[in-house]
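Student: Submitted below is the structure of interest, expressed as structure tokens.
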Amino acid sequence: MKLLILGGTVFLGRHIVAAALARDHEITLFNRGQHNPDLFPSVEKLRGDRNSDLSALKGRNWDAAIDTSGFVPRVVKASAQALAQSVKHYTFISSMRAFHNWESSQR
């Protein structure tokens, strides 16, 4: 399976990547390259910024996308819209609701 993982090098994302690689999935990471950029050397890495530049995702296709790095609703919406024709399934994982008033402090 071809998987796009948004984020993928910190917290939950790195464990999802490791599990997917153990199952021989083809992985592409999309992130800014700021955290653990050398992690998973065999994985394709696309660089961009979810706030301003999703262009690296254009013209590509994946079976599924797993979003582990969306913290603000508008950013998640933009990513989901940009990938609407490029992925068959989009999974968004968020833990920010575990923190009282976290979302309102990030706007």
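Student: For region 34-70, give me each residue that is small (Gly, Ala, Ser) and surrounded by fewer than 14 Cβ atoms within 10 Å (Cβ to Cβ). Write out each step before concluding.
Tutor: If we filter region 34-70 for residues that are small (Gly, Ala, Ser), which is where we start, we get 42, 48, 52, 55-56, 59, 64-65, 69-70.
Listed by number, the residues that qualify are 42, 52, 55, 59.
Student: On the given criteria, is residue 21 at pLDDT 95 or above and out of contact with any helix residue (DSSP H, G or I) (no Cβ under 6 Å at 6 or more places or on another chain)? Walk me through it before giving the result.
Tutor: Working: at pLDDT 95 or above: yes; out of contact with any helix residue (DSSP H, G or I) (no Cβ under 6 Å at 6 or more places or on another chain): yes.
Here the answer is yes, as residue 21 does meet what is asked.
Conditions (1) basic (Lys, Arg); (2) in contact (Cβ under 8 Å) with a residue 24 or more places away in the chain; (3) within 24 Å of residue 1 (Cβ to Cβ), marked per residue:
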residue: 32; (1), (2), (3): yes, no, no
residue: 39; (1), (2), (3): no, yes, yes
residue: 45; (1), (2), (3): yes, no, yes
residue: 54; (1), (2), (3): no, yes, yes
residue: 66; (1), (2), (3): no, yes, yes
residue: 70; (1), (2), (3): no, yes, yes
residue: 79; (1), (2), (3): no, yes, yes
residue: 85; (1), (2), (3): no, no, yes
residue: 93; (1), (2), (3): no, yes, yes
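Student: Among the listed residues 23, 14, which satisfies the condition of being surrounded by 15 or more Cβ atoms within 10 Å (Cβ to Cβ), more than 20 Å from residue 83 (Cα to Cα) and among the basic types (Lys, Arg)?
Tutor: Details: 23 fails: surrounded by 15 or more Cβ atoms within 10 Å (Cβ to Cβ).
Going through 23, 14 in turn, just one is surrounded by 15 or more Cβ atoms within 10 Å (Cβ to Cβ), more than 20 Å from residue 83 (Cα to Cα) and among the basic types (Lys, Arg): 14.
Student: Quick one: in region 2-30, of everything that is among the aliphatic types (A, V, I, L, M) and in a helix (DSSP H, G or I), which residue is farthest from residue 90 (Cα to Cα)?
Tutor: Applying the first criterion (among the aliphatic types (A, V, I, L, M)) to region 2-30 yields 3-6, 10, 12, 16-22, 27, 29.
Checking which are in a helix (DSSP H, G or I) leaves us with 12, 16-22.
On the way: 12: 16, 16: 14, 17: 16, 18: 19, 19: 18, 20: 16, 21: 19, 22: 21 Å.
Per the criteria, the residue is 22.
Student: Here is a further query. Among the residues of region 71-83, write down those that are modelled with pLDDT of 90 or more and open to solvent by 60 Å² or more (accessible area, probe 1.4 Å).
Tutor: Initial filter on region 71-83 (modelled with pLDDT of 90 or more): 74-83.
74, 77, 81, listed by residue number.
Student: Continuing with the same structure: Consider residue 63 carefully, then state whether it is touching a Gly at 6+ places or on another chain (Cβ under 9 Å) and at pLDDT 75 or above.
Tutor: Working: touching a Gly at 6+ places or on another chain (Cβ under 9 Å): no; at pLDDT 75 or above: yes.
No.
The values are calculated or read from the model by the stated rules, or taken from the named source; none is laboratory data. Bear in mind that the values here come from a model prediction, so they are computed numbers and not experimental data. Cβ: placed from backbone, ideal geometry, glycine included. Neighbour counts: every protein chain shown. Remember, those area values only see protein heavy atoms, side chains included, never the ligands or the DNA or RNA. Shrake-Rupley method; radii C 1.70, N 1.55, O 1.52, S 1.80 Å.
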